[in-house]
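**Q** Once you've had a glance at the structure underneath, I'll fire off some questions.
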Amino acid sequence: MTASEIRKAFLDFFASKGHQIVPSAPIVVKNDPTLMFTNAGMNQFKDIFLGEAPAKYKRVADTQRCLRVSGKHNDLEEVGIDTYHHTMFEMLGNWSFGDYFKKEAIEWSWELLTDVYKIDKDRLYVTIFEGDEKEGLPKDQEAYDYWKQYVPEDHILLGNKKDNFWEMGETGPCGPCSEIHYDNRTDEERQKVSGATLVNADDPQVIEIWNNVFMQFNRLKDGSLQPLPAKHVDTGMGFERLVRVLQRKSSNYDTDVFQQLIQFIAEKSKKTYNSSGIPGDTDWNTAVAMRVLADHVRAVSFTIADGQLPSNNKAGYVIRRILRRAVRYQYQYLGFKEPFLNTLVPILAGQFKGVFDELWSQKDFVQRVVLEEETAFLRTLEQGIKKFEEYTTVNRQGSNSAAVYRDADVIQSLRNELDGKFAFELSDTYGFPIDLTELMTREIGWTVDMEGFNQALAEQKNRSRAATAIDTGDWVIVKDDDSIAFTGYDELETISHITKYRKVSAKGKEQYQIVLDKTPFYAESGGQVGDTGQLVFPDGEIIQVTDTKKENALIVHFVDNMPSDKAIGDALTAIVDPERRNSIQENHSATHLLHAALKQVLGSHVNQKGSLVNNEYLRFDFSHFAKVTDEELARIEAIVNEKVRENIPLKEERNVAYQVAITSGVTALFGEKYGEYVRVITFDDAFSKELCGGTHVKATGQIGYFKIISESAVAAGVRRVEAITGIGAENYINEQSKLIHQLKELLKNPKDIGKSIETLLEENNKLKKELEKSVLEKSSGLKNELAKKVQDINGISFIAEKVTLPNADAVKNLAYQLKDIVPNLFLVLGADIEGKPNLTVMISENLVKDKGLNAGNIIRELAKEIQGGGGGQPFYATAGGKDVSGLDKALEKAKDFIK
Ligand code: ATP
Ligand code: MG
């Protein structure tokens, strides 16, 4: 079976068991502060498990793109080194939401593996949870008994909490699980050593393929387990591992999922993929590097396609690091000194056509982003290598230039050991993974001070942990009501109740988060900021809401303090700040008009890549490969303002079936998780139609006026436009016209300001030139005058005079001119330049040589007379000072130096 046949067979099988097949959620997680990336198929159903949202279907199956590179599930360091952990992988899953439980889950997984896929039963092992005394959890006898119907007892193994109790993160839904493992060794090996002893023992040929989790608990912050409202089944089977089993390969990379990429890399690097090397040898390094590339390009491409650009923080930084890991391998082991990874993107996109189409439709964009990142990183890599070479040359043992390096810690490395702090700097600033630094030091016979490196690393980790530590308390339930109604599309004031709240502390500041059963407060999402406002209680207490955010299905209101205990359970009035909300809406509706206008003027390749809408302005990032010209910007602005003047009424449709909406041609965003029913916002059917959950003006006229204030680049192939509307635009225009008015007044109200400023500039230029000319004339007059005042002292032509010139340059000119015409010159000039004393000493080179005179030393002495200081070269030096009256004294003193 090919990989796509295997995927299809899975989905068909569960469809035949009454499961609804749903699409994969995006790989980048929004609205969940505990998770950056989807790390399991169950993530998108978390709120159903927690009872925070109803399940539309009781049985669901899908293939979910997952990423395990951060947080509780982080396999990054294994990837490429072993043959069955990936960064991005597909997780095939089937779910029961309060419907079937262990019996069916076990029966069907067995049926699928052995009947449909025809896997050799003898090679399969299953594990069940042995129980845990500390947690007060019993052995999962129920699962054991069901397995016994299909599997001989010596193939049913007990597993501990680590392997058989599945948890998504530090908190959240969890439960005992039952894994299925496959023994891929030869018959001979299996005879010798029983597979049972190798399960969960990191043997690369005895691997876990499927995990059936029986969701029963919610892990709370204090570590305790709370039973979930209902029991659920959550399963996850690693697609690439399943393919490997069915295609009878001993490595995931030997299957058709990866071979196309591997072969392409082999061809372009002119190396062969040979997976039988031993750690450390060339074949091994080459094979690991090829696996890393074939794997990492998937993680990088899918996250970019799902809207996460590489950046310097959070999710963006995780992606950047994965990308750099790949670049480092291709650079170090495959001989690619120029960008290469990006050329894998189109191949990958082609492979996933029809499975995850978001990559195919953005492949040019994604490739471009990867190319740009590679280029930038190769540049830092080169800088780092230079830095490394500098360091090792300067600090080589016995080198007397070591003193040049100012840092005492660095000098200690005279033992030909690379300082740990320096190794850390290489990794932190230049992206050098420590193993690369180690390799480079080994190549020149050095070692790395690993203790120092680890210490620096730990210090940095502590710093960032302290900076971001947020302590989130458990929810305190006030009212057992899981329904949450958002009323904010229709009204800004709603009577409601607190259903739960919790305390949150970050950076020493305490805050509370409140959930209401009904709320008009819009929670930050889709770029639109959260509402602020008030909660008014019957006893007159008023609590300010400072922000509103989403957490899964919850709408969370941020407040600085809680109402009194008495008021907590009362009905309250939730009131959104209406002015702020209006400004936000104007900017949001204008964003839709802008998006449509951009597509019209620049082309249909324009896709939203980021958006911020607040009460002050709007910021819109979109894919486009060139700078938007002034002329294009003007056209875009004109189109939007035309639509504003048309005063197009808002058409808001709340429950449109997703497919119906898409066929009608709405603009949907990549990386957004849309439900089956969506909200469509239309301003003129023929102009702007978007899927959107945000709030909008009733008619475009409310936007008032739309003004673009900037256009810039944010990343490769991504441009940014910032604009203002309504009162913000009015204020801006007023300021601009006030400025013009002021200019006019300054210029005495000319007819044409531009012309008049031009004339002014021309005049100014002309005057400058005339001034320069007259200064020149003056100094050459002076030159002749001074040349006549030469005194011969011991064969030296001595001149010490006070001159009047407009600037220091003119004095310098004069000194150089005199040197050219007076042989054996010893010249001291004193000048008063706009109230400040200036001294210049000029000495002919032959005197410097023969008589040991030094202008620099002399000027330092003379400068004392004008309360100043200076310096220069032996033949020419200058000084400035504070006291003009000292000039004469300084000139008198000059003679002392040649007497
Ligand atoms: P392992 O112990 O092999 O790391 P796991 O216990 O972390 O696996 P689960 O969290 O139970 O795995 O995930 C369910 C299934 O997803 C696993 O049975 C496996 O087939 C697959 N899987 C898990 N992690 C990866 C990964 N990094 N790459 C590919 N497949 C994976
Ligand atoms: Mg794991």
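The values are calculated or read from the model by the stated rules, or taken from the named source; none is laboratory data. Given the structure is predicted, the values throughout are model-derived calculations rather than measurements. Positions of Cβ are generated from backbone atoms using ideal geometry, with glycine treated the same way; all protein chains shown enter the neighbour counts. These area figures cover heavy atoms from the full protein model, side chains too; ligands, DNA and RNA do not enter into them. Shrake-Rupley method; radii C 1.70, N 1.55, O 1.52, S 1.80 Å.
**Q** Distances over 13 Å make up what percent of all Cα-Cα pairs in the range 517-568?
**A** For the range 517-568, the share of Cα pairs beyond 13 Å comes to 59 percent.
**Q** Related question: Pick out, from His588, Val556, Ala567, the residue whose Cα sits farthest towards the positive end of the charge dipole of the range 556-629, with +1 on the Cβ of Lys and Arg and -1 on the Cβ of Asp and Glu.
**A** Among His588, Val556, Ala567, the one farthest towards the positive end of the dipole of the range 556-629 is His588.
**Q** Can you compute the modelled spin-label distance between Lys192 and Ile495, with each label point 7 Å from Cα toward Cβ, in nm?
**A** Reported label-point gap for Lys192 and Ile495 is 7.9 nm.
**Q** In addition: Residues in the range 520-564, backbone N under 12 Å from the label point at Arg502 (7 Å along the Cα-to-beta-carbon vector): list them, ranges by number please.
**A** Zone members listed by number: 551-552, 554, 556.
**Q** Want the number for Glu451 to Glu646: 0.36 nm per residue separation, take away the alpha-carbon distance, what's left?
**A** Separation in residues times 0.36 nm, less the Cα-Cα distance, equals 63.3 nm.
**Q** Okay, next question. Once you keep just the Cα pairs under 8 angstrom separated by 6 or more residues, what percentage relative contact order results for the range 120-215?
**A** Across the range 120-215, relative contact order equals 32 percent.
**Q** Please report the net charge: other residues with Cβ closer than 11 Å to the Cβ of Val660, K and R +1, D and E -1.
**A** Spelling it out: positives minus negatives among the neighbours equals -2.
**Q** In a shell of Cβ-Cβ distance under 13 Å around Arg368, excluding Arg368 itself, what net charge do Lys and Arg (+1) and Asp and Glu (-1) give?
**A** -1
**Q** With the Cα gyration tensor of the range 3-255 giving a ≥ b ≥ c as the square roots of its eigenvalues, does the rule (a/c under 1.5 for rounded; else a/b larger than b/c for prolate; else oblate) give rounded, prolate or oblate?
**A** Working: a/c = 1.37, a/b = 1.26, b/c = 1.09.
Note, shape of the range 3-255 comes out rounded.
**Q** Multiply the residue separation of Ser604 and Asn462 by 0.36 nm, subtract the distance between their alpha-carbon atoms, and state the gained length in nm to one decimal. Mind dumping the intermediate values first?
**A** Working: separation 142, 0.36 × 142 = 51.12 nm, distance 4.65 nm.
Working it through step by step, the gained length comes to 46.5 nm.
**Q** Round to the nearest 0.05 the FRET efficiency obtained for Thr2 and Asp115 when R0 = 22 Å and r is the Cβ-Cβ distance.
**A** Values: r = 20 Å, r/R0 = 0.89.
Calculated value: 0.65.
**Q** Using only C-alpha atoms and all pairs of different ones, pull out the Kirkwood radius for the range 145-195 in Å with one decimal.
**A** Here the Kirkwood hydrodynamic radius works out to 13.4 Å.
**Q** Mind giving me the FRET efficiency for Gln791 and Arg396? R0 is 51 Å, r the Cβ-Cβ distance, nearest 0.05 is fine. Write down the numbers at each step before the final one.
**A** Values: r = 58 Å, r/R0 = 1.14.
After rounding to 0.05, the efficiency reads 0.30.
**Q** Compare the peptides 210-217, 49-56 by average per-residue count of other Cβ atoms within 10 angstrom and give them in order, highest first. Walk me through the numbers before you get to the answer.
**A** Working: 210-217: 23.8, 49-56: 17.8.
Listed from highest to lowest mean packing, they are 210-217, 49-56.
**Q** How much net charge surrounds Gln817 when only other residues with a Cβ under 13 Å from its Cβ are counted (Lys, Arg +1; Asp, Glu -1)?
**A** 0
**Q** Between Val478 and Thr429, what FRET efficiency follows from the Cβ-Cβ distance if R0 is 30 Å, with the result rounded to 0.05?
**A** Step by step, r from the Cβ atoms, then E = 0.05.
**Q** Next up: Enter the per residue convex hull volume of the range 350-391, computed from alpha-carbon coordinates, in Å³ rounded to the nearest integer. Write out the running numbers ahead of the final one.
**A** Numbers: hull volume 2.9 nm³, N = 42.
Taking the convex hull of the Cα positions in the range 350-391, it is 69 Å³ per residue.
**Q** How far is it, in nm, from the label point at Asp32 to the one at Ile733 when both lie 7 Å from their Cα along the line to the Cβ?
**A** Distance between label points: 4.7 nm.
**Q** Only helical DSSP H runs with n ≥ 4 go in: add -39500 (n - 2.57) per run for the chain, normalise by residue count and round the 222 nm mean residue ellipticity to 500 deg cm²/dmol.
**A** When only DSSP H runs of four or more count, the value is -12000 deg cm²/dmol.
**Q** Could you state the orientation-averaged shadow area of the convex hull built on the Cα atoms of the chain, in nm² to one decimal?
**A** 52.7
**Q** To continue, here is another question. Take the alpha carbon gyration tensor of the range 1-101, find the square roots of its eigenvalues, order them as a ≥ b ≥ c, and report rounded if a/c is under 1.5; if not, report prolate when a/b exceeds b/c, else oblate.
**A** It is oblate, given that a/c is not under 1.5 and a/b is not larger than b/c.
**Q** Right, next: Antiparallel DSSP bridges in the range 581-739: what percent, to the nearest 5?
**A** Antiparallel bridges: around 95 percent, rounded to the nearest 5.
**Q** Express the accessible area of the range 471-576 per residue in Å², computed with a 1.4 Å probe while the remaining protein chains stay in the model.
**A** Ligands and nucleic acids excluded, the result is 44 Å² per residue.
**Q** If packing is taken as the average number of other Cβ atoms within 10 Å across a peptide's residues, how do 696-705, 5-14 rank, most packed first?
**A** Per-residue Cβ counts within 10 Å, averaged per peptide and sorted highest first, yield 696-705, 5-14.
**Q** At 0.36 nm per residue, minus the direct Cα-Cα distance, what do Gln544 and Lys56 gain on full extension? Give it in nm, one decimal, please.
**A** Extending this stretch completely gives an extra 172.1 nm.
**Q** Still on this structure: Could you grab the relative contact order for the chain? Cα pairs under 8 Å, six or more apart, rounded to a whole percent.
**A** Details: 1675 pairs, mean separation 56.3, N = 899.
Reported as a whole number, the value is 6 percent.
**Q** Oh, and also: Please report the carbon-and-sulfur percent of the accessible area for the range 471-576; probe 1.4 Å, protein heavy atoms only, DNA, RNA and ligands left out.
**A** Exposed carbon and sulfur together represent 48 percent of the surface.
**Q** In addition: At 1.306 mPa s and 10 °C, plugging the Kirkwood radius over alpha-carbon pairs of the range 75-199 into Stokes-Einstein gives what diffusion coefficient in µm²/s?
**A** 97
**Q** Given the convex hull over the Cα atoms of the range 453-525, what projected area results after averaging over all orientations, in nm²?
**A** 7.2
**Q** Roughly to the nearest percent, how much of the accessible area of the range 581-739 is carbon and sulfur, given a 1.4 Å probe?
**A** It is 49 percent, rounded to a whole number.
**Q** In the chain, what percentage of the DSSP-assigned beta bridges are antiparallel, given to the nearest 5?
**A** 85
**Q** Please list, in order, the residues from the range 667-692 whose amide nitrogen is less than 14 Å from a point placed 7 Å along the Cα→Cβ vector of Ala657.
**A** Of the residues in the range 667-692, 676-678 have backbone N under 14 Å from the label point off Ala657.
**Q** May I pose another question? To the nearest 10 square angstrom, what accessible area does Tyr150 show with a 1.4 Å probe?
**A** Rounded to the nearest 10, that gives 70 Å².
**Q** About its Cα centre, what dipole magnitude does the chain give when the only charges are +1 on Lys and Arg Cβ and -1 on Asp and Glu Cβ, stated in debye to the nearest 20?
**A** Roughly 2780 debye, rounded to the nearest 20.
**Q** In a Debye calculation with equal point scatterers on the alpha-carbon sites of the range 471-576 and no solvent, what is log10 I(q)/I(0) at q = 0.16, 0.19 Å⁻¹?
**A** -0.63, -0.92
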